Structure formats: structure tokens, C-alpha cells
Amino acid sequence: MQRKTLQVAGIALLAHLLALLAWHLVVTVGKVPAFILPSPAATFATLGNARYDWWGNTAVTAVEIMGGFAIATVLGVLFALAFTWSRLALTLLMPLLITFNMIPKVALGPLVIVWMSYGVVTNIVIAFAIAFFPILLTTLRGLRETEPELLELVGALHATRWQVFTKIQLPGSLPYLFSGMKVGSVLAVAGAIVGEFIGSEAGLGYLMLQVQVRLDTAAMMMSVLLISLIGIILYGLVSALEALVVVRDARLG
Amino acid sequence: MPVSADPMNTEAAPFIRLRNVAKTFTRDGAEFQALSDASFDIRAGEFVCLVGPSGCGKSTLLRILAGLLPANAGSTVSIGSPADPFRPGRDVGIAFQQPLLLKWRRVLENVMLPAEILGLPMRETRERARDLLNLVGLSQAERKYPYELSGGMQQRVAIARSLVHDPKLVLMDEPFGALDALTRERMNVELLRIWEKSGKTIVLVTHGIGEAVFLGQRVVVLTAGPARMAADIPIELPPQRTLELKTSEAFGAYSRRIYGLLGMS
Ligand SMILES: Nc1ncnc2c1ncn2[C@@H]1O[C@H](COP(=O)(O)OP(=O)(O)OP(=O)(O)O)[C@@H](O)[C@H]1O
Ligand SMILES: [Mg+2]
């Protein structure tokens with residue numbers, strides 16, 4: 001088990017190194033101009049440029065992504081619970097939420113900025129808005145997935161609603177919750193960056209717009225790499241938590 | 001339709017007494033008769049099999065016995081007797097065709113679920129669950145997860161679970177229907193052994209006529225026609241039932257009779 005995990009990690013690392021090598025070869029062999037595609041070395045070298053405040057900008061973007069994602073997870077689960085417990089909440093709110101889900105969240109960006117002015121909080125809201133639905137919908141589905149015959153089996157013993165909920169529905173919904181969180185984590189990254197593109201004064205998305213004007217392609221590449229890195233870390237945290245609490249066979253892809 | 005002890009009965013009273021039990025469902029405004037006029041008795045500790053074509057109301061009857069569905073007005077469903085009281089919501093164990101185990105629980109915790117729901121003391125429950133796993137031949141598997149077990153093993157866990165709270169009545173709806181023929185025969189022999197050891201009253205629904213004759217002390221035959229209960233056949237075969245019995249003349253005669261009642265011969 002341990003050895004297999006190490007092996008998988010090793011192969012993953014190798015694949016990434018190979019991709020870097022391919023990138024390097026394309027640039028050097030193909031003599032691609034640096035303003036179109038800088039080499040990996042040149043890209044990483046921009047990290048030395050203190051004017052770009054890499055730490056500060058990365059921290060801002062990370063806070064936006066994690067914040068939006070965390071709120072989306074908490075509210076997504078709470079709404080899913082409310083909808084399972086109350087038929088009224090489901091029939092009243094669900095159609096509204098579905099309509100809301102149809103709105104491209106990116107289109108909401110400029111509005112949110114009008115309402116809240118630009119900044120970290122605004123971008124958290126946009127990241128939240130885009131990550132919320134997949135988490136709500138998959139969790140809701142998981143809570144309802146219980147086999148009816150299992151409910152009969154415990155129903156014949158007069159199980160209370162609370163018992164059914166805590167012993168059967170809630171643990172049964174965890175694989176779905178995690179599957180929703182994985183989708184949500186990817187979307188939260190997109191949400192935060194869109195927010196920064198539309199209006200902001202800090203963050204990696206903001207930095208990308210600044211360096212784009214100077215044709216500093218290496219810094220743009222580096223920003224993209226760092227944004228992806230935040231996303232990968234978030235996804236990794238979700239997967240690690242899933243590995244802790246969900247039995248292997250119950251996990252969804 | 002109360003499911004309770006019938007005070008009118010004396011000591012000789014059967015454990016379960018069914019008279020004119022019927023069930024009508026209303027589906028899209030139209031009435032639909034799922035079960036009509038089932039009348040028979042079950043003694044305490046008896047093993048009764050229900051057979052009949054698909055849709056004739058076998059599962060419906062089990063649900064009524066489990067207290068999950070009310071029977072129509074005019075039906076008599078009485079379970080328990082003054083000497084042997086039956087507590088609805090407490091004294092019933094169920095096993096279905098699918099094992100329906102909780103994927104995230106280990107085998108032992110799966111077996112313990114009914115006792116947990118009833119709030120029985122955990123330490124004794126754990127002991128009892130271990131004994132039952134031993135009885136179904138899975139004492140080595142208590143720390144495993146369901147996905148590590150074969151279908152037959154999962155079904156044994158489900159059977160152990162149906163017994164963990166020491167119910168008086170065990171209801172089984174095609175418990176071996178999803179198993180391959182060989183596993184199924186082996187499980188039949190095991191179930192008889194479990195029944196003999198536990199002394200439970202078992203009502204088992206099956207599509208296998210041979211299975212019904214082999215397992216049951218009595219076979220109740222339901223048909224799809226308007227007279228829904230076709231026969232109540234006591235099976236007088238040696239109490240020590242082995243698989244060789246299935247090749248005997250008497251066994252064949254019972255099977256033929258039931259096939260005949262179902263219009264299949
Ligand atoms: N809750 C319900 N509402 C409406 N109709 C029902 C309901 N439950 C069962 N029925 C109908 O009642 C009839 C009898 O159902 P039941 O499940 O008891 O049959 P069965 O004998 O167990 O069949 P099978 O052998 O296929 O399991 C079927 O036609 C079924 O569609
Ligand atoms: Mg059925």
C-alpha cells in the first residue's frame with residue numbers, strides 16, 4: 001500500500017518533469033521568441049523580481065480561492081441539509097436556485113463590483129457563487145441516494161428521523177459531498193481569477209494584467225503556474241480529507 | 001389495523017394469525033388490489049415459505065407483517081399471544097434480496113445496526129454480533145468492509161444483522177435471489193441450521209419452489225388470480241434436511257404439487 005503510493009507519486013513527478021523538459025526543448029530547439037513563450041528557466045527566474053510581490057499577490061489569490069471555496073462548502077452542505085429536512089424549503093427555494101445557477105457567474109462579476117466595490121471580499125463572493133452549486137447539488141443527491149429497502153429495514157424498528165439521518169443518510173452522502181467539493185475547488189479558482197480580471201488591486205490575476213502591458217510573458221506564465229499550484233493544493237487537501245473519512249469502495253471517481 | 005397481541009386467544013393460539021388480509025393501493029386515482037384474502041396461521045418457531053408469481057403480493061404481505069404497511073380495513077393481522085407477546089418496532093428482523101450493508105461500516109458494525117437503532121446496550125450487542133458472525137461462518141471477517149466480501153458473504157452478514165436484536169419474527173424477502181445456484185444451496189442448508197439454533201419464527205419469500213419445499217415446514221402458495229391464496233401446504237419431510245433430500249420422491253411430489261397450483265405443469 002505505502003509502496004504503491006510512493007510509486008504513483010514518483011510517476012506523477014516524472015511526468016511533470018518530462019513536461020517541463022518538453023517545454024524547454026520546444027523553446028530552445030524551435031527558437032521561440034521569449035515574448036511568445038519564455039523557457040522554463042526564464043519563467044522561474046521572474047520569481048526573483050521583487051517588484052512583482054509574488055508572495056503578496058499569491059497570498060491574496062489564495063485567500064480569495066480558499067475563502068470562496070470554504071463558504072461554498074459550508075453553505076452548500078447547509079442548504080442540502082435544509083432541502084432534505086424541509087419539503088417546503090425544497091419546493092420554494094430550489095427552483096430559484098436552479099434559475100440562479102443558469103446565470104453565468106462571470107456575467108455577475110461587474111454587478112458584484114458595482115454593489116461591493118472591488119477587492120478581496122468581492123472576489124471571494126464570485127468564487128463562492130461559482131463553486132456553490134456543484135457542492136449543493138451533489139450533496140443533495142447523496143443525501144437522497146439511500147436505498148428505500150434500507151429505510152424499510154430500519155423503519156420496521158421505528159428508527160427516528162435523526163437516527164436515519166446520522167447513521168445512514170449523512171455518511172452515505174459523504175462520497176457525493178467530496179465529489180462536489182472537487183468540482184467546486186476547480187471552479188473556485190476560476191471564480192477568483194475572473195474577479196481579479198474584472199477589477200482588483202492585488203492578486204495573481206491582477207498581476208497578469210499588469211505584466212501583460214509590459215509584454216513580460218515570463219511573469220504571466222509564472223502567474224498561471226502559481227494559480228494552478230493553489231488549485232492543486234486545494235484539490236489535494238480535499239482528496240486527502242476524503243481519503244481520511246470515506247471508505248475506499250464508497251468513493252466516487 | 002393494529003398489529004398486536006390478540007387477547008381473545010388462549011395458550012394454543014398461533015403466533016401469527018392472518019384472516020382475510022387484503023391490501024389495496026391507490027395508484028393514479030385507480031384502485032389496485034395487491035393482495036386479497038390471505039388467511040393462515042403461523043406457530044411460534046415455525047419456518048413458513050411464501051411462493052407465488054411476480055406481483056402477487058408476497059412482499060406486500062411481508063411489509064404488512066413488518067408493520068410497514070397497514071392492511072385494508074376488515075383484515076385481521078395479529079402477531080404474538082399472551083404467552084409470547086410481540087412488540088411492534090422491536091421484535092422484527094428483516095433481510096432483503098440485496099444485502100444493503102453500509103459501505104462505510106465494518107462487518108461487525110453493520111451487524112450491530114438494528115441494536116443501535118433500538119438503543120440496546122452496546123457491549124452485549126457486540127458480543128451477540130460476534131456470536132452471530134460465528135454462526136454464519138464469518139468470525140474472521142468482522143473487521144472487513146463489505147466490498148471485501150463476496151455476495152454470499154455479504155448476504156450472511158445481512159442475515160446476522162436481521163437477528164442481532166433477538167427479534168421473535170424474521171422476515172426474509174428472496175434473501176438468496178441474487179446469489180448463484182451453488183452458493184444458494186449452501187446458504188439454504190446454513191439458514192436451516194441458523195433457524196434450528198435460534199428458534200426464530202421465519203417467514204421467507206422465494207421464487208424457488210425447490211427452495212421453499214426444502215426450507216419450509218409449510219409452504220403458502222399465492223397466485224395471481226382473484227382467489228389469491230391457493231394453498232397452505234405442510235411439508236412433512238425429515239427434520240434433518242440435507243441436500244440429498246432434494247432428489248427424493250417425496251420432495252419431488254411436493255414440488256410438482258406447487259408447480260401445479262401455479263399452473264406450471
Ligand atoms: N406502494 C405501492 N404502491 C402501489 N402499488 C404497489 C405498491 N407496492 C406494491 N404495489 C403493487 O402491488 C403488487 C404486488 O407487489 P409485491 O411487491 O407485493 O409483489 P411480489 O409478490 O413481491 O412480487 P415479486 O415477486 O416481483 O417481488 C404489484 O403489482 C406492485 O406493483
Ligand atoms: Mg417482492
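The values are calculated or read from the model by the stated rules, or taken from the named source; none is laboratory data. Everything quoted here is computed from the prediction, not taken from an experiment. Cβ: placed from backbone, ideal geometry, glycine included. Neighbour counts: every protein chain shown.
A few points about this structure:
- Going through (1) away from chain A (no Cβ under 14 Å); (2) closer than 14 Å to B:F96 by Cα one by one, B:R161 falls short only on (1).
- The numbered conditions (1) surrounded by 20 or more Cβ atoms within 10 Å (Cβ to Cβ); (2) modelled with pLDDT of 95 or more are all true for B:V136 except (2).
- Going through (1) under 13 Å from the mean Cα position of the chain (by Cα); (2) within 16 Å of ligand 2 (Cβ to nearest atom) one by one, B:N188 falls short only on (2).
- Residues that are at pLDDT below 90 and touching a helix residue (DSSP H, G or I) at 6+ places or on another chain (Cβ under 6 Å), drawn from the stretch B:201-232: B:A230, B:A231
- Filtered residues of the stretch A:144-157 (kept if under 17 Å from B:V111 (Cα atoms) and either more than 7 Å from every other protein chain (Cβ to nearest Cβ) or in contact (Cβ under 8 Å) with a residue 12 or more places away in the chain (or both)): A:L150, A:L151, A:V154
- Filtered by the rule that a residue be of a type in the set (K, R) and either outside any helix (DSSP H, G or I) or within 14 Å of another protein chain (Cβ to nearest Cβ) (or both), the stretch A:158-211 gives A:R161, A:K167.
- Any pair with Cβ under 8 angstrom, 6 or more apart, that starts in the stretch A:103-119 at a residue that is surrounded by 11 or more Cβ atoms within 10 Å (Cβ to Cβ) and ends at one that is acidic (D, E): A:Y118/A:E201; A:G119/A:E201
- Flag for A:L108 being within 11 Å of chain B (Cβ to nearest Cβ), out of contact with any helix residue (DSSP H, G or I) (no Cβ under 6 Å at 6 or more places or on another chain) and closer than 30 Å to A:A190 by Cβ: no
- Number of positions in the stretch B:55-70 that are facing chain A (nearest Cβ under 9 Å) and assigned to a helix (DSSP H, G or I): 1
- The stretch A:212-253, subset in contact (Cβ under 8 Å) with a residue 12 or more places away in the chain and within 14 Å of chain B (Cβ to nearest Cβ), residue nearest to the chain's Cα centre (by Cα): A:E242
- Flag for A:T160 being of a type in the set (V, I, T), without any contact (Cβ under 8 Å) to a residue 24 or more places away in the chain and over 26 Å from A:A70 (Cβ atoms): yes
- Any hit, the stretch B:141-157, residues being of a type in the set (D, E, K, R), buried (at least 18 other Cβ atoms within 10 Å of the Cβ), within 16 Å of ligand 1 (Cβ to nearest atom) and in contact (Cβ under 8 Å) with a residue 24 or more places away in the chain: no
- Some residue of the stretch B:86-96 being near ligand 1 (Cβ under 10 Å from one of its atoms) and assigned to a strand (DSSP E or B): no
- Inspection of the stretch B:79-98 finds no residue satisfying the criterion of being surrounded by 18 or more Cβ atoms within 10 Å (Cβ to Cβ), of a type in the set (K, R) and at the interface with another protein chain (Cβ under 8 Å from one of its Cβ atoms).
- Boolean, B:D166 is of a type in the set (D, E) and outside any helix (DSSP H, G or I): yes
- The number of residues in the stretch B:107-133 being facing chain A (nearest Cβ under 9 Å) and closer than 25 Å to A:Y176 by Cβ comes to 3.
- Selection within the stretch B:49-81 - away from ligand 2 (no atom under 16 Å from the Cβ) and under 13 Å from B:R17 (Cβ atoms): B:A71, B:S75, B:T76, B:V77, B:S78, B:I79, B:G80, B:S81
- Selection within the stretch A:165-204 - of a type in the set (K, R) and surrounded by 24 or more Cβ atoms within 10 Å (Cβ to Cβ): none
- Test result for B:A115, more than 30 Å from B:L262 (Cβ to Cβ) and buried (at least 19 other Cβ atoms within 10 Å of the Cβ): yes
- Filter result for B:A34 (within 14 Å of chain A (Cβ to nearest Cβ) and within 15 Å of ligand 1 (Cβ to nearest atom)): no
- B:G177 vs. criteria farther than 20 Å from A:A156 by Cβ, of a type in the set (G, A, S) and either in contact with a Leu (Cβ under 6 Å, 6 or more places away or on another chain) or within 16 Å of ligand 1 (Cβ to nearest atom) (or both): no
- Count of residues meeting criterion [modelled with pLDDT of 90 or more, in a loop (DSSP other than H, G, I, E, B) and not charged (D, E, K, R)] in the stretch B:15-43: 1
- Scope the stretch B:44-54; condition part of a loop (DSSP other than H, G, I, E, B) and in contact with a Lys or Arg (Cβ under 9 Å, 6 or more places away or on another chain); matching residues: B:A44, B:G45, B:E46, B:G52
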